Amino acid sequence: MSQSPETITRKGGCACGSVTYAVVGKPLFSIYCHCTQCQRADGAAFVASMHYTDSAYSWTYTAENEPDVELLDGMVLYRCKKCRSCAATQFPGNKNWALRATQLERDENGKIINWEGVKPTSHIFYNTRVVDVADDLPKWEGHAGRSTRLD
Ligand SMILES: [Zn+2]
Ligand SMILES: [Zn+2]
């Protein structure tokens, strides 16, 4: 039985599974971010990032696994104590959460469950990319819709 996009719950977590989270419904937006902060914080060429309101997001961890808090350019990063992966980023202004879409639960073939619906729809900060991406998604110099569109 398929659930409606508004009520579907997706689960994710850090690399070792000590910190897990759940998000309900569709994200506010979902993007591939090529900014230097994401590149440096994750050591990745770019990051698949889903944004959710505080009310759509909840997480689970035991007292001994409480994530470490790290401040980076006005954002609050929650890093797993054990595997050090960033399980969530929160923006203090609007309390929204940015979550790595690649941390969502997978099926037996390694595919992210319910990927349609959270799949990024644009590339942002494409100007600072370290790899060219040949897809049909819009590519923005900075934030989507608020900067020059490059492609
Ligand atoms: Zn972990
Ligand atoms: Zn970024």
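The values are calculated or read from the model by the stated rules, or taken from the named source; none is laboratory data. Small disclaimer: the values here were computed from a predicted structure and weren't measured. For neighbour counting, all protein chains shown are included, and Cβ atoms are generated from backbone atoms with ideal geometry for every residue, glycine included. Heads up: the accessible areas ignore ligands, DNA and RNA and are worked out on the full protein's heavy atoms, side chains in. Shrake-Rupley method; radii C 1.70, N 1.55, O 1.52, S 1.80 Å.
Of all residue pairs spaced 6 or more apart or on separate chains, those with beta-carbon atoms under 6 Å, a first member in the stretch 106-126 that is under 20 Å from GLU6 (Cα atoms) and touching a residue at least 60 places away in the same chain (Cβ under 8 Å) and a second member that is open to solvent by 20 Å² or more (accessible area, probe 1.4 Å) and not in a loop (DSSP other than H, G, I, E, B) are PRO120/TYR32. Residues that are of a type in the set (A, V, I, L, M) and part of a helix (DSSP H, G or I): does the stretch 85-95 have at least one? The answer is no, given that none of the residues of the stretch 85-95 is of a type in the set (A, V, I, L, M) and part of a helix (DSSP H, G or I). Scanning the stretch 1-20 for residues that are under 12 Å from ALA101 (Cα atoms) and in a strand (DSSP E or B), we see that the one that is farthest from ligand 2 (Cβ to nearest atom) is LYS11. The listed residues are ASN127, ASN96, ASN109, and the only one of them that is closer than 23 Å to GLY17 by Cβ and polar (S, T, N, Q) turns out to be ASN109.
Counting only strands (runs of 3 or more DSSP E) that fall entirely inside the stretch 24-73 and contain at least 2 residues that are within 10 Å of ligand 2 (Cβ to nearest atom), the qualifying elements are 29-33, 47-52.
For the structure I just gave you, tell me whether TYR78 is more than 24 Å from CYS35 (Cα to Cα), open to solvent by 30 Å² or more (accessible area, probe 1.4 Å) and of a type in the set (Ser, Thr, Tyr). For TYR78, the condition - more than 24 Å from CYS35 (Cα to Cα), open to solvent by 30 Å² or more (accessible area, probe 1.4 Å) and of a type in the set (Ser, Thr, Tyr) - is not met.
A single entry from THR128, THR60, THR102 fulfils the requirement of being more than 20 Å from ARG10 (Cβ to Cβ), polar (S, T, N, Q) and open to solvent by 40 Å² or more (accessible area, probe 1.4 Å): THR128. Count of the stretch 23-49 residues, restricted to those that are within 16 Å of ligand 1 (Cβ to nearest atom) and open to solvent by less than 50 Å² (accessible area, probe 1.4 Å), is 1. Of the residues that sit in the stretch 1-22 and are away from ligand 1 (no atom under 16 Å from the Cβ) and among the hydroxyl-bearing types (Ser, Thr, Tyr), which one is farthest from the chain's Cα centre (by Cα)? My answer is SER2. Taking the conditions exactly as written (out of contact with any Leu (no Cβ under 8 Å at 6 or more places or on another chain), touching a residue at least 60 places away in the same chain (Cβ under 8 Å) and open to solvent by less than 70 Å² (accessible area, probe 1.4 Å)), does PHE91 satisfy them or not? So PHE91 does not fit the description; no.
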